[in-house]
Every structure is written in structure tokens, then in C-alpha cells.
1. Out of the residues in the stretch 23-60 meeting the condition of being more than 25 Å from the chain's Cα centre (by Cα) and modelled with pLDDT of 90 or more, tell me which one is least open to solvent (accessible area, probe 1.4 Å).
2. Could you grab the pairs with beta carbons closer than 7 Å, sequence gap of 6+ or different chains, first residue in the stretch 50-61 and under 13 Å from residue 101 (Cβ atoms), second one among the hydroxyl-bearing types (Ser, Thr, Tyr) and open to solvent by less than 60 Å² (accessible area, probe 1.4 Å)?
3. Considering only the stretch 46-95, state which residues are farther than 18 Å from residue 108 by Cα, touching a helix residue (DSSP H, G or I) at 6+ places or on another chain (Cβ under 7 Å) and either outside any helix (DSSP H, G or I) or among the β-branched types (Val, Ile, Thr) (or both).
4. Taking the stretch 96-111 on its own, how many of its residues are in a helix (DSSP H, G or I), within 17 Å of the chain's Cα centre (by Cα) and either within 21 Å of residue 45 (Cβ to Cβ) or without any contact (Cβ under 8 Å) to a residue 12 or more places away in the chain (or both)?
5. Would you check if there is a residue in the stretch 65-83 being of a type outside the set (A, V, I, L, M), at pLDDT below 85 and under 19 Å from the mean Cα position of the chain (by Cα)?
6. List, please: which pairs have Cβ atoms under 8 Å, are six or more places apart or on different chains, and start with a residue in the stretch 78-93 that is exposed (fewer than 13 other Cβ atoms within 10 Å of the Cβ) and end with one that is part of a loop (DSSP other than H, G, I, E, B) and aliphatic (A, V, I, L, M)?
Amino acid sequence: MSTAIEATRAPSTPSAHRTTFAGTATLVRLGLRRDRVKLPAWVGGLGIFVLYIGNALPLLAPTQEDLAALVPMFTQPVGRMFTGPAFGMDDPTYERFFAAGYTPYLFLLAR
């Protein structure tokens with residue numbers, strides 16, 4: 001005697017109710033709950049790093065000539081290998097120096 005038992009399936013939901021973001025809110029809540037300590041620590045650490053470098057640059061190069069003397073560090077091949085192309089270094093300012101030299105490291109740390 002053989003009896004065929006057919007598994008009953010749950011009725012499928014119409015495709016109109018499915019979205020590409022189904023479950024995203026649940027995953028975001030899970031991620032925030034898991035990283036409730038690490039996330040604020042990283043954000044605070046990156047903020048302190050930005051403030052530190054922003055305050056250290058004027059002490060490192062107090063005059064425009066001192067700042068211009070530091071530019072070859074980012075425009076030569078070894079400096080470009082670590083920081084990428086140094087855009088805007090023809091007329092250096094503290095903001096351009098920070099953007100050319102330290103922003104790639106912020107991106108790496110934020111990742």
C-alpha cells in the first residue's frame with residue numbers, strides 16, 4: 001500500500017506586496033542593536049581625529065611658506081601612493097592640505 005502525501009503549501013503572497021526593501025528595517029534595527037557600543041565609539045573617535053588634525057595643522061605649519069614647504073610630501077610619488085592625487089596643492093591652504101592628506105585615512109577608518 002502506498003499512499004502519497006502531498007505537502008500543503010502556504011498560499012503565496014501576491015507580487016504586488018513584495019518590495020526590494022523587504023526586511024531592511026529589521027536588519028537595520030539588528031545592526032544598530034549589535035553595534036550600540038562600537039558605532040558611537042568609532043564616530044566619536046573619527047570626530048576627535050578630525051578636530052586633532054584641524055588643530056595640529058596650524059601648529060605644524062604656522063606660515064604660508066611653511067605650508068608650501070610641506071606640499072612636496074603629497075605631490076611626489078611616494079606621497080601620492082599613500083594619499084592619492086593631491087588636488088589643489090598649487091595654492092595650499094589648511095583645508096586643502098587636510099583634504100589632500102588626511103581624508104583618505106578617514107575613509108579607510110570609516111569603512
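The values are calculated or read from the model by the stated rules, or taken from the named source; none is laboratory data. Computed from a predicted model, the values in this text were never measured in an experiment. Backbone-built Cβ (ideal geometry, glycine too); neighbour counts: all protein chains shown. In case anyone asks, the SASA skips ligands and DNA or RNA and just uses the protein heavy atoms, side chains included. Shrake-Rupley method; radii C 1.70, N 1.55, O 1.52, S 1.80 Å.
1. 58
2. That search, which allows pairs on different chains as well, returns 53/102.
3. 61, 87, 88, 89, 92
4. Adding up the residues that qualify gives 11.
5. yes
6. Close Cβ pairs satisfying both conditions: none exist.
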